[in-house]
Amino acid sequence: MKTILWANEVTQKDVPSVGGKGANLGEMIGNNFPVPDAFIVSADAYWKFLRESGLKDKIFSALEGLDVNNSNELMERSKKIRKIFESGKVPWDLELDIINAYKKISKNAGKTADFVAVRSSATAEDLPEASFAGQQETYLNIRGEEDLLEKVRKCWSSLFTPRAIFYREKQGFDHTKVALAVVIQRMVNSEISGVMFTSDPVTGEPKIVIEAGFGLGEAIVGGEITPDTYIVDQKSLQIVDKKVSPQNWMYTRSEEGTSIKLDLPDDTGAKQKLSNELIIKVGKAGRNIEKHYGEPMDVEWCVEANNVYIVQARPVTTIKKETAAPTPAAAEQESAEMGTTPEGETGTGEILLKGLSASPGVVGGKVTIISDINELDRVKDGDIMVTVMTTPDMVPAMKRADGIVTDKGGSTCHAAIVSRELGIPCIVGTEAYTDYGKATDILRDEQEITVDAKLGVVYDGIQKAALDAKEAAATPWGVSVADVVPVTGTKVYMNLGVPDAAEKYAHLPAAGVGLMREEFIVGTYVKAHPNALIDAGESQKFIDILAEGAAKVAKAFFPRPVVMRTSDFKTNEYRELPGGEKYEPEEANPMIGWRGCSRYVKKEFEEAFRLEVRAILKVRNEMGLTNLWVMLPFVRTLDETKRIIEIMKEEGLERSKDFKLWLMAELPCNIFLADKFGEMVDGFSIGSNDLTQLIMGADRDSDILARMGYFDERNEAILRAIEHLIKVAHSMGKTVSICGQAPSVYPEFTEFLVRNGIDSISLNPDTVVATTKMIASVEQKVMMERLAKAAEK
């Protein structure tokens with residue numbers, strides 16, 4: 001039995017002795033990660049204390065007959081047990097061992113190192129099958145032998161906080177078999193500190209999420225401030241996104257060693273907390289930690305004198321091992337009058353709040369605002385719990401709530417981690433979205449709201465469509481549609497035109513919308529030629545209606561991408577819109593006339609195109625639906641493309657990590673000049689109907705030519721064109737999709753596409769499932785052929 005272990009002596013195999021935190025520290029030190037020196041008071045020391053103090057039976061008998069769902073009873077029992085615990089005397093030999101180790105750690109690092117952090121490390125905490133934020137206690141800036149021994153006892157007793165007792169009961173852990181080790185670690189005087197997820201904690205995507213704040217880390221972990229958030233691509237270590245949040249104060253260490261609040265000047269608090277160089281440095285450490293452990297990790301880090309230190313790391317357990325596509329069902333169609341609330345819903349449906357989506361899901365219910373820990377019993381089953389920030393003692397109440405909304409916090413705060421563990425929709429950090437205000441100011445008790453934590457918004461009233469979407473998450477036989485459709489390497493998107501159909505089809509196992517036709521929104525909802533509205537001074541009407549239609553689709557499929565093709569009306573179709581005759585010429589052959597991109601660069605239509613771009617910006621920036629991408633139709637020349645990209649840039653819309661620009665490959669010039677067009681876009685989508693028509697010189701609407709076999713995507717000329725495009729695009733790192741009908745009609749055409757490595761196929765909704773199965777079959781066939789060839793060699 002060893003009561004004291006140095007961190008560099010232990011590995012993951014020692015979890016039963018040193019707990020998850022202790023084992024992870026030892027594992028990192030042993031692999032040369034920058035971890036401050038530490039020793040561990042082992043689980044054996046915990047049992048020695050209980051045995052020799054004579055308190056063991058008293059403590060466990062105090063748990064008999066406890067109803068953990070009764071908050072008041074739970075808190076009273078916890079107080080009683082902790083009082084018993086902390087009255088015990090540490091055995092003299094154990095006390096001496098702890099003091100000697102403390103003196104050694106101080107001597108190793110110099111005179112300022114007598115400050116230490118004292119952290120609990122339970123043998124059931126931080127394990128892959130059960131990781132829960134803040135189960136036991138941590139004490140920072142501890143100095144002196146007496147203070148240290150007191151905090152060790154408090155850590156041991158924190159195994160019986162209300163939240164820890166509640167958690168073990170719900171997880172099925174036997175109280176008598178769970179022990180607690182104590183990690184004692186040199187205290188870094190943090191100038192900047194934070195938390196990092198080495199992969200996205202919700203989706204598991206290879207994106208490193210870093211949250212940072214000035215001063216000691218307890219302000220972030222406790223959710224007392226809204227930190228900066230930086231997103232780093234795991235592979236390239238490039239910074240792909242930053243959100244800088246103002247910080248008015250920070251925790252720092254006083255000369256006596258206590259944590260004190262220090263006000264920050266406005267100009268300091270408004271700054272980006274980590275320099276770009278340090279962001280990458282922290283991200284690199286996180287990437288290496290995940291690589292070592294072989295799984296996503298939740299890491300606490302800090303910076304002192306420009307050096308990055310890792311304080312602790314534990315596995316992220318909230319990422320679902322198999323993530324099915326979202327499964328909303330068809331909701332009632334909205335009233336024909338835009339902006340009205342459908343029958344069966346309450347409230348105005350307006351957006352009341354915005355925040356960070358911390359745990360995805362959609363829920364409706366009545367608000368209960370918690371201002372004090374003593375009010376937890378007010379939270380009833382099904383309530384939406386609203387508070388400044390949750391604390392570990394709130395876990396029993398959080399368990400009863402259907403949704404959580406907080407003023408403060410980021411994606412690594414207590415509310416976020418616990419909500420993901422419990423599977424409760426949660427939005428945090430509403431105070432950072434100053435256009436709306438914070439939750440505790442805007443909402444009121446008993447108010448009915450809908451929390452859409454998929455989008456990070458709170459709506460007034462119970463929104464029936466949102467709740468229908470939640471209830472339809474499974475088919476009648478209890479499994480998601482995605483569970484009975486094979487996974488394919490080739491992405492399957494769907495084509496969509498009517499926004500009202502988005503909720504109906506969003507449950508399908510598609511990777512997103514590969515073709516959203518803008519013309520349907522203009523023709524069905526705007527019902528006017530854009531130039532007519534411009535001349536009537538109603539430009540904003542066009543923007544608002546187009547944005548609302550696009551948002552319906554983007555919201556239903558979020559976060560899956562929705563690729564909206566900008567307007568591709570022909571002149572005869574535009575003439576049929578109200579006011580259209582004034583602005584449209586009569587053409588003999590509109591199919592190859594003034595359509596697509598040629599309209600956007602002509603003075604007579606440029607302003608109308610700018611309105612389209614502004615509508616897209618409204619959806620992405622104001623509504624937060626950053627999954628909306630753009631595809632340009634019927635592109636004829638390179639100069640035309642350059643000018644359109646300039647117009648988009650002038651309006652504020654540019655290609656980025658989360659905004660992709662595609663080009664419809666439907667003209668022979670797109671194939672011949674694929675390398676030139678590819679320099680300006682992120683991907684191509686083959687419009688097989690127009691491409692076949694223009695390569696074969698066959699009118700797509702001619703029944704005679706179709707019956708004679710001239711209009712056929714399987715023609716060798718079409719296949720060669722597609723094969724060439726895929727090769728050229730892939731050589732440039734660009735993606736290729738297809739949005740015609742042929743893949744769902746001709747199995748041999750689908751096989752051709754898969755064999756040539758097409759990235760995605762976009763289909764009509766009714767063919768998604770069947771064609772996905774066909775694609776999976778082809779992929780399996782190709783794989784078997786390759787294996788057979790390899791075996792022959």
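The values are calculated or read from the model by the stated rules, or taken from the named source; none is laboratory data. Predicted, not measured: the structure shown is a model, and the values here were computed from it. Quick reminder, even Gly has a Cβ in these numbers, built from the backbone with ideal geometry, and neighbours come from all protein chains shown. The area values use the complete protein model at the heavy-atom level, side chains included, leaving out ligands, DNA and RNA. Shrake-Rupley method; radii C 1.70, N 1.55, O 1.52, S 1.80 Å.
Starting from the Kirkwood radius over alpha-carbon pairs of the chain, derive D by Stokes-Einstein at 20 °C in a medium of 1.002 mPa s and give it in µm² s⁻¹.
The estimated diffusion coefficient comes to 73 µm²/s.
Please figure out what share of the DSSP beta bridges in the chain is antiparallel and state it in percent, rounded to the nearest 5.
Counting only bridges with both partners in the chain, antiparallel ones make up about 65 percent.
In nm, give the distance between the simple-model label positions of A536 and K80, each being 7 Å from the Cα along the Cα-to-Cβ direction.
Here the answer is 7.5 nm between the modelled labels.
Under 10 °C and 1.306 mPa s, how fast does the range 506-568 diffuse according to Stokes-Einstein, given a Kirkwood radius computed over C-alpha pairs? Answer in µm²/s, whole number.
Stokes-Einstein gives a translational diffusion coefficient of 126 µm²/s.
Could you tell me what a quarter of the Cα convex hull surface of the range 248-311 works out to, in nm² with one decimal place?
5.7
Grab the Cα-Cα distance for K13 and V487, subtract it from 0.36 nm times how many residues apart they are, and report the gain in nm with one decimal.
167.1 nm
Scan around N764 for amide H atoms under 5 Å from its own, H built in the peptide plane at 1.01 Å from N, and keep only partners 5 or more places away or cross-chain.
It is N495, by chain and number.
Using only Cα atoms, tell me the angle between helix 603-617 and the longest principal axis of the chain; keep it within 0 to 90° and round to the nearest 10.
So the helix axis and the longest Cα principal axis differ by about 30 degrees.
At 1.4 Å probe size, what's the solvent-accessible area of W629? Round to the nearest 10 Å².
Probe radius 1.4 Å; accessible area of W629 about 50 Å².
Which of the lysines could be linked to K789 by a straight reach, that is with a Cα gap under 27 Å, when you skip same-chain ones fewer than 8 residues away?
Candidates past the 8-residue exclusion: K491, K727, K773, K781.
Let's test the formula: R0 of 45 Å, r as the Cβ-Cβ distance of L237 and K366. What FRET efficiency results, to the nearest 0.05?
So, using R0 = 45 Å, E works out to roughly 0.50.
Can you put D393, D766 in order of accessible area, largest first, using a 1.4 Å probe?
Output order, biggest surface exposure first: D766, D393.
Just to confirm, what accessible area per residue do you get for the range 8-76 at 1.4 Å probe, in whole Å²?
Ligands and nucleic acids excluded, the figure is 43 Å² per residue.
Under the Karplus relation 6.51 cos²θ - 1.76 cosθ + 1.60, θ = phi - 60°, what is the ordered set of whole-Hz ³J(HN,Hα) values for the range 144-157, x standing for Gly and Pro?
Those phi angles translate into x, 5, 5, 4, 5, 4, 4, 6, 5, 4, 5, 4, 4, 5 Hz.
Between A770 and V745, what is 0.36 nm times their sequence separation minus the Cα-Cα distance? Round to one decimal in nm.
7.9 nm
Over the range 509-619, what is the relative contact order in percent, taking alpha-carbon pairs closer than 8 angstrom and at least six residues apart?
34
May I ask you to order 599-606, 187-194 by the average number of other C-beta atoms within 10 Å around their residues, highest value first?
By packing density, highest mean first, the sequence is 187-194, 599-606.
Per the 1.4 Å probe, what fraction of the accessible area of the chain, in percent, lies on carbon and sulfur atoms?
Carbon and sulfur: 49 percent of the exposed surface of the chain.
By how many nm would the segment from C669 to N589 lengthen if fully extended, with 0.36 nm per residue of separation less the alpha-carbon distance?
Gain on stretching C669 to N589: 26.9 nm.
To the nearest 10 degrees, how steep is helix 71-86 against the longest Cα principal axis of the chain, on a 0 to 90 scale?
Orientation of helix 71-86: about 40 degrees from the principal axis.
Whole-Hz Karplus ³J(HN,Hα) for the range 590-602, in order, using 6.51 cos²θ - 1.76 cosθ + 1.60 and θ = phi - 60°, x for Gly and Pro?
Coupling constants for the range 590-602: x, 4, 10, x, 7, 9, x, 5, 5, 6, 5, 9, 8 Hz.
Out of L5, S158, I370, whose Cα points farthest toward the positive end of the dipole of the chain (charges: +1 Lys, Arg; -1 Asp, Glu; placed on Cβ)?
The residue sitting farthest along the positive end of the dipole is L5.
Would you mind putting 525-534, 86-95 in packing order, based on average other-beta-carbon counts within 10 Å, highest first?
Packing proxy ranking, top to bottom: 525-534, 86-95.
What is the calculated FRET efficiency for N248 to N307, with r their C-beta to C-beta distance and R₀ = 35 Å, to the nearest 0.05?
About 0.85, to the nearest 0.05.
Pull up all non-local amide H partners of S245: gap of 5 or more, or a different chain, and H-to-H distance under 5 Å with H placed in the peptide plane.
D228, T229
Bin width 10 Å, origin at 0, all Cα-Cα pairs of the range 646-793: what percent of pairs per bin?
10, 35, 33, 17, 4, 0
Could you tell me how many degrees, from 0 to 90 and to the nearest 10, lie between the Cα long axis of helix 768-792 and the main elongation axis, the longest principal axis, of the Cα atoms of the chain?
80
In the chain, if the dipole is taken from +1 on Lys/Arg beta carbons and -1 on Asp/Glu beta carbons about the Cα centre, which of G294, Q741, P509 is farthest to the positive end?
Looking along the dipole axis, the top candidate is G294.
Quick one: which residues, 5 or more positions from G593 or on another chain, have an amide H under 5 Å from its amide H? H modelled 1.01 Å from N in the peptide plane, none for Pro or chain starts.
Sorted by chain and number, the residues that satisfy this come to none at all.
How big is the gap, in Å, between the Cα center of the range 193-215 and the Cα center of the range 428-456?
Computed from Cα coordinates, the inter-centre distance equals 23 Å.
Past 32 Å, Cα to Cα: identify those pairs from K438/K541; K273/K734; K261/K281; K79/K271; K235/K603, in the order given.
Beyond 32 Å between Cα atoms: K273/K734; K79/K271; K235/K603.
Karplus couplings for the range 747-756 from phi (6.51 cos²θ - 1.76 cosθ + 1.60, θ = phi - 60°), rounded to Hz, Gly and Pro as x?
Once rounded to whole Hz, the list reads x, 5, 5, 4, 4, 4, 5, 5, 4, 8.
For the chain, what does -39500 (n - 2.57) per DSSP helix run (n ≥ 4), summed and divided by total residues, give at 222 nm, in deg cm²/dmol to the nearest 500?
Rounded to the nearest 500, it is -10500 deg cm²/dmol.
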